[in-house]
Structure formats: structure tokens, C-alpha cells
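The values are calculated or read from the model by the stated rules, or taken from the named source; none is laboratory data. Only a predicted model underlies this, so the values are computations on that prediction, with no experimental measurement involved. Ideal geometry is used to build each Cβ from the backbone, glycine not excepted, and the neighbour counts take in all protein chains shown. Note: areas computed on protein heavy atoms with side chains; ligands, DNA, RNA excluded. Shrake-Rupley method; radii C 1.70, N 1.55, O 1.52, S 1.80 Å.
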Amino acid sequence: MDSSASVSIEVLAKGGSTALINHSVALSSSNWSAPSLDFSGLADGQYIVRTRVSDGAGNRASASQAFAINTAPPVFTSTAFAGDSILNGSEFSSSLSPSLSGLVSNAEDGQPVSVTLPGAGSVAGRTLSATVDGGIWSLVIPSDLLAAYGAENGTYTVNLSLTNQAGNTATSTTEFTVDTVAPVVVVVNSPTEA
């Protein structure tokens with residue numbers, strides 16, 4: 001290995017022309033590393049790292065690699081059960097299965113959403129998984145849990161968790177209410193005139 005060979009490293013914003021980081025490494029073997037590179041001053045975004053190697057004879061080679069910095073966690077922007085987070089008697093009698101669904105941001109398609117459903121009565125709660133697709137996720141509630149919720153009116157809490165490809169995790173909770181009791185209509189007769 002030519003003792004005068006070296007590697008120069010530049011980090012640029014994707015589409016940019018000005019190097020945000022410049023660094024050089026002496027090349028003593030066919031491998032090199034740059035553990036002292038400091039990326040802490042770079043904001044979240046898309047970048048290109050460009051390397052150039054040259055030796056004392058003037059021979060040169062270059063390569064580049066795209067990478068992203070993403071320190072932001074996903075965000076649960078909205079979540080609803082059966083559209084309005086209220087399950088009434090007609091929805092339980094319907095042949096359609098109500099689903100829990102929501103919108104998320106800063107999470108890639110295919111990322112799993114962990115959904116922990118509460119138990120009701122003698123039916124235990126459980127943790128299931130939904131998948132992000134276009135910023136949307138949806139989960140059909142298992143029939144045994146749905147029947148248990150229908151048997152016990154009240155408010156239930158669901159725990160959510162999601163990790164994006166950068167390894168950032170977000171958690172959230174959402175509530176839904178079960179009310180299967182129909183209102184009672186009371187007819188009041190007006191007094192009869194004498």
C-alpha cells in the first residue's frame with residue numbers, strides 16, 4: 001500500500017454542492033474508517049457522503065453513498081374505534097366488524113403498530129399488530145373481545161406503540177366507549193280539561 005495514499009471524505013446535503021463536513025484519513029491498508037466524524041451538527045434530512053482516494057502516483061478513485069438522519073419519533077395523529085370511538089347497540093348487532101384505526105406520520109409503510117387491547121369480563125386482553133400503509137393503520141377487533149365489550153358498557157383504554165425504521169419509538173393511548181343501552185322514551189299525557 002502506498003504510504004502517501006489518503007481518503008478525503010465530504011458530507012453534503014442531498015442536491016447540495018457545498019460540503020457540510022470535510023475529513024481526511026491516511027490509508028495504511030486496503031481498509032479505512034473515520035470514527036471521529038461528527039454528525040451531531042446535521043439536521044434531520046437526506047445526505048450524501050462522498051469519498052475520494054488518491055495515491056502518490058496521482059491515481060484516483062471515488063464513491064458516494066446516500067444516507068438519512070432521522071431523530072424524530074413517529075406521531076399518532078388520530079385514532080378512532082368504529083369511526084367515532086363510541087360503540088352503540090346497533091353497531092354490535094351489525095354483521096360488520098368494527099375496527100380500530102388511525103393516522104400516523106414519520107413512519108414508513110410496513111412498520112408494525114403494536115396494539116394492546118384491554119380485557120372485559122372473563123375475556124383477557126391481548127396485544128395484536130397492525131401495519132402502516134400510506135400513513136394509515138387498521139385492526140379488526142377479535143370477535144370474542146368484541147362480544148365481551150358489548151356485554152359490559154363502559155370506557156376502555158387501548159395502548160399503542162410504533163417504531164420507525166430509524167429506531168425512534170412513539171407510544172400513545174386512546175379510549176373508546178361502549179354504550180348499548182337505548183334511550184327510554186317516556187310519554188307524558190297532558191291533563192284532560194274538564
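Within the range 99-122, which residues are among the β-branched types (V, I, T) and closer than 30 Å to A151 by Cβ? First the steps, then the outcome.
The first filter runs over the range 99-122 and keeps only residues among the β-branched types (V, I, T), leaving 104, 113, 115-116.
Within the range 99-122, V113, V115, T116 qualify.
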*Just one of (1) in a strand (DSSP E or B); (2) in contact (Cβ under 8 Å) with a residue 24 or more places away in the chain; (3) aromatic (F, W, Y) trips up W32, so point out which.*
(1)
*Can you tell me which residue in the range 90-104 is farthest from G154 (Cα to Cα), limited to those that are assigned to a strand (DSSP E or B) and open to solvent by less than 50 Å² (accessible area, probe 1.4 Å)?*
V104
*Output the residue which, of all residues in the range 37-61 that are polar (S, T, N, Q) and exposed (fewer than 11 other Cβ atoms within 10 Å of the Cβ), is nearest to A19 (Cα to Cα).*
S40
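I'd like to verify a number: residues in the range 169-192 that are assigned to a loop (DSSP other than H, G, I, E, B), closer than 18 Å to D84 by Cβ and not β-branched (V, I, T), how many?
Qualifying residue count for the region: 2.
Name the residues in the range 31-57 that are closer than 10 Å to A5 by Cα and hydroxyl-bearing (S, T, Y), would you? Write out each step before concluding.
So in the range 31-57, the residues closer than 10 Å to A5 by Cα come out as 53-57.
Hit for the range 31-57 is S54, nothing else.
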*Pick out the one residue from A72, A107, A68 that is under 23 Å from T169 (Cβ atoms), among the hydrophobic types (A, V, I, L, M, F, W, C), in a strand (DSSP E or B) and under 20 Å from the mean Cα position of the chain (by Cα).*
A68
